[in-house]
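The block underneath contains the structure these notes are about, expressed in structure tokens.
The values are calculated or read from the model by the stated rules, or taken from the named source; none is laboratory data. As the structure is a prediction and not an experimental result, all values here were calculated from the model. Cβ sites come from the backbone with ideal geometry, for glycine too, and all protein chains shown count toward neighbours. SASA here: full protein model, heavy atoms, side chains in, ligands and nucleic acids out. Shrake-Rupley method; radii C 1.70, N 1.55, O 1.52, S 1.80 Å.
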Amino acid sequence: TLSSNAQLNKWLVREGSGVVHLVDFTTPIPTVSLPLPGYGQGAEEDVNVMTDAYNNIMFTVAVDGTNFLTVKDANWNTMQNGTGLIDNLASYESCITRMPGTTNKYYIIHFNTDVSSHDLYYSVVDMSLNGGLGAVTTKNVFLGSHHTEGMSITHQMSNGCRWLLTSKTIGNTRQMVRYLISNNSIGSPIVAATVNFSGYPDYLGEMDISS
């Protein structure tokens with residue numbers, strides 16, 4: 001039996017050609033799967049995975065050439081209601097986090113870099129449905145516009161909630177913003193800081209945080 005620190009030791013990775021593989025880091029030498037057929041074809045970036053405490057895959061997501069994320073269950077079948085999550089074939093990343101106060105609901109935060117408004121959304125997966133294989137119960141809840149690609153989620157706070165950290169481009173400034181992740185929803189943006197920043201495409205960004 002694997003210990004709890006095995007969680008998130010399985011990753012999805014994408015080749016430059018768009019082909020997606022599963023990588024398992026719990027083996028003495030990381031194990032790379034054969035290409036996952038038909039998964040994320042025609043896209044360049046966003047792939048993600050959620051595992052349980054014993055490194056078992058719960059669900060995965062990958063964007064494809066139609067600019068939508070598909071959610072697949074542990075059997076690599078499309079999850080119930082798991083298509084049509086707004087994204088973009090070149091969106092850098094998504095985030096997945098458990099809904100505070102629950103044991104089986106998860107938020108997927110996803111980003112559309114293709115439109116001029118650079119919109120951020122979230123969707124909800126409930127793993128208690130469909131015999132434990134899960135279903136998408138809420139889809140494409142709009143969080144806001146003018147976001148950059150980089151985002152990160154904090155550790156759980158003492159009240160059980162977390163923060164989603166990202167940034168927004170407003171004119172020639174970057175706003176560092178945070179959204180409260182609770183068991184009800186993901187809240188409105190709170191501006192933490194504003195810095196002058198210009199000369200780069202307004203959607204580019206990377207988020208590096210530390211304690």
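Observations, loosely collected:
- Top of 150, 187, 131 by mean-square fluctuation, Gaussian network on the chain, Cα under 10 Å: 131
- Solvent-accessible area of residue 146 with every protein chain in place, 1.4 Å probe, in Å² to the nearest 10: 80
- Contact order relative to length of the stretch 14-122, as percent, for alpha carbon pairs under 8 angstrom and 6 or more apart: 17
- Shown is the FRET efficiency for residue 182 and residue 117, computed with R0 = 25 Å from the Cβ-Cβ distance and rounded to the nearest 0.05: 0.50.
- The chain: relative contact order in percent, alpha carbon pairs under 8 Å with at least 6 residues between: 12
- For residue 39, neighbours were defined as the other residues whose beta-carbon sits under 9 Å from its Cβ, and their charges (Lys and Arg +1, Asp and Glu -1) total 0.
- Cα gyration tensor shape for the stretch 1-102, rounded if a/c is under 1.5, else prolate or oblate: oblate
- Environment charge of residue 80, counting only residues whose C-beta is closer than 14 Å and scoring Lys/Arg +1, Asp/Glu -1: 0
- Accessible area of the stretch 9-135 divided out per residue, in Å², using a probe of 1.4 angstrom: 42
- Were the residues from residue 156 through residue 128 laid out at 0.36 nm apart, the gain over their Cα-Cα distance would be 7.9 nm.
- Shape analysis of the stretch 60-129 places it in the oblate category; the axes a ≥ b ≥ c from the Cα gyration tensor give an a/c of at least 1.5, with a/b not above b/c.
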